[in-house]
Amino acid sequence: MANAEERRFEVLRAIVADYVSNQEPVGSKAIVDRHNLGVSSATVRNDMAALEEEGYITQPHTSAGRIPTDKGYRLFVDRIAEVKPLSAAERRAITAFLDSGTDVDDVLRRSVRLLAQLTRQVAVIQYPMMTNSTVRHLEVVPLTPARLMLVLITDSGRVDQRTVDLGDVITEENVGRLRTVLNGALAGRRLADAAASVAELPEKSPGELRDSLTRVCTVLVESLVEHPEERLVLGGTANLTRNVSDFPGSLRQVLEALEEQVIVLKLLAAARNPGAISVRIGEENEDEQMRSTSVVSIGYGMDDMLLGGMGVVGPTRMDYPNTIAAVRAVANYVGQILSGR
């Protein structure tokens, strides 16, 4: 029985490979001709009948071959023993392309462009989650004698700029004292902890700094507790239009769904750990507008620190092994680059 099950899986694998490649229903003769399974057409037909009965393949119309169902793709993805690694040249190209990014925004834009090119799907990446970041430094820059610019820099390379109107003139010496006090409360702390620490500063500060510090801390707390992880970068949306028939009557719905940040964030929510791939196929997607798509997502970061999620959206007729390899490789490099900044 185990041998029969293995053989049926090889038949399913052949159907998936040929259908992804050619977008044509696959018949038993084509499987025998193209794939060295070592069995007759009659045996393949019997296996296809069993796979169809179990819901792994279906016949789109009379006298046609078979195509995989969502259930068939799911079994195929679950049984992928080895994902084809990217070549050394591909890895070098990814590293060189992303390493030349000038800042976080540039690295993320490059990442989605690269991932969309590698997979020929829609690529999406979430901005680094500030809640998981720590403060590296706060710079305090006088713009006028009564106005400051605050530049908050995190370990993930995120830079957040805010201006503060002090309501009164401040000396250069007191700007320096503010900078020292603020960095003492912020540097090396996680953002949530930093917000609590900053909120307590005014009541502990010397009288001549209290008004300025109160205004600065009010702006800083707002900055620290905001959620820029709700910002996304998308690339390659036009790739979906290459094969409109993959989305019968629903391509417009998919494109509209991709414009909804909340929907896309939900797609990435399955990626909880850096390096852990999640694949949602067709009906497994909660949002009805996305049920003709597959979503391959992953968390990026370093070690156990999750910075954000990224992935691709495409039709269920997707080259899963290569897509998974590309998503994993780009996430790995993005995690390394942003964690090292």
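The values are calculated or read from the model by the stated rules, or taken from the named source; none is laboratory data. Everything quoted here is computed from the prediction, not taken from an experiment. We place every Cβ from the backbone using ideal geometry, glycine too, and count neighbours over all the protein chains shown. SASA here: full protein model, heavy atoms, side chains in, ligands and nucleic acids out. Shrake-Rupley method; radii C 1.70, N 1.55, O 1.52, S 1.80 Å.
One line per residue, one yes/no per condition, for (1) over 18 Å from I94 (Cβ atoms); (2) surrounded by 17 or more Cβ atoms within 10 Å (Cβ to Cβ); (3) in contact (Cβ under 8 Å) with a residue 40 or more places away in the chain:
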{"site": "G236", "(1), (2), (3)": "no, yes, yes"}
{"site": "V244", "(1), (2), (3)": "yes, no, no"}
{"site": "L268", "(1), (2), (3)": "yes, yes, yes"}
{"site": "P274", "(1), (2), (3)": "no, yes, yes"}
{"site": "R280", "(1), (2), (3)": "yes, yes, no"}
{"site": "D304", "(1), (2), (3)": "yes, no, no"}
{"site": "M318", "(1), (2), (3)": "yes, yes, yes"}
{"site": "N322", "(1), (2), (3)": "no, no, yes"}
{"site": "A331", "(1), (2), (3)": "no, yes, yes"}
(request) Could you please find all residues in region 4-24 being open to solvent by less than 10 Å² (accessible area, probe 1.4 Å) and touching an Asp or Glu at 6+ places or on another chain (Cβ under 7 Å)? (result) V11
(request) Quick one: P248 ticks every box in (1) assigned to a loop (DSSP other than H, G, I, E, B); (2) farther than 22 Å from T69 by Cβ; (3) not basic (K, R) except a single one, so which number is it? (result) (2)
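Residue-by-condition table, conditions (1) part of a helix (DSSP H, G or I); (2) touching a helix residue (DSSP H, G or I) at 6+ places or on another chain (Cβ under 7 Å); (3) in contact (Cβ under 8 Å) with a residue 40 or more places away in the chain; (4) closer than 20 Å to Y127 by Cα:
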{"residue": "M149", "(1), (2), (3), (4)": "no, no, no, no"}
{"residue": "D160", "(1), (2), (3), (4)": "no, yes, yes, yes"}
{"residue": "V164", "(1), (2), (3), (4)": "no, yes, yes, no"}
{"residue": "E173", "(1), (2), (3), (4)": "yes, no, no, no"}
{"residue": "V181", "(1), (2), (3), (4)": "yes, yes, no, no"}
(message) I'd like the residue in region 20-55 that is in a loop (DSSP other than H, G, I, E, B) and touching a residue at least 40 places away in the same chain (Cβ under 8 Å) and, out of all such residues, is farthest from S245 (Cα to Cα).
(response) P25
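Where residues in region 302-341 are assigned to a helix (DSSP H, G or I) and at pLDDT below 80, which of them is nearest to V233 (Cα to Cα)? Step through it out loud before you land on a result.
As a first pass, look at region 302-341 and keep what is assigned to a helix (DSSP H, G or I): 320-339.
If we keep only those that are at pLDDT below 80 too, we end up with 338-339.
Working: L338: 16, S339: 19 Å.
My answer is L338.
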(message) Looking only at residues that are assigned to a helix (DSSP H, G or I) and surrounded by fewer than 18 Cβ atoms within 10 Å (Cβ to Cβ) in region 72-95, which one is modelled with the highest pLDDT?
(response) D78
(message) Suppose we filter region 112-140 for residues that are at pLDDT below 90, open to solvent by less than 30 Å² (accessible area, probe 1.4 Å) and in a helix (DSSP H, G or I); how many remain?
(response) 1
(request) Give region 98-111 a look and list any residue that's free of Cβ contacts under 8 Å to residues at least 60 places away in the same chain and open to solvent by 50 Å² or more (accessible area, probe 1.4 Å), or say none. (result) S100, T102, D103
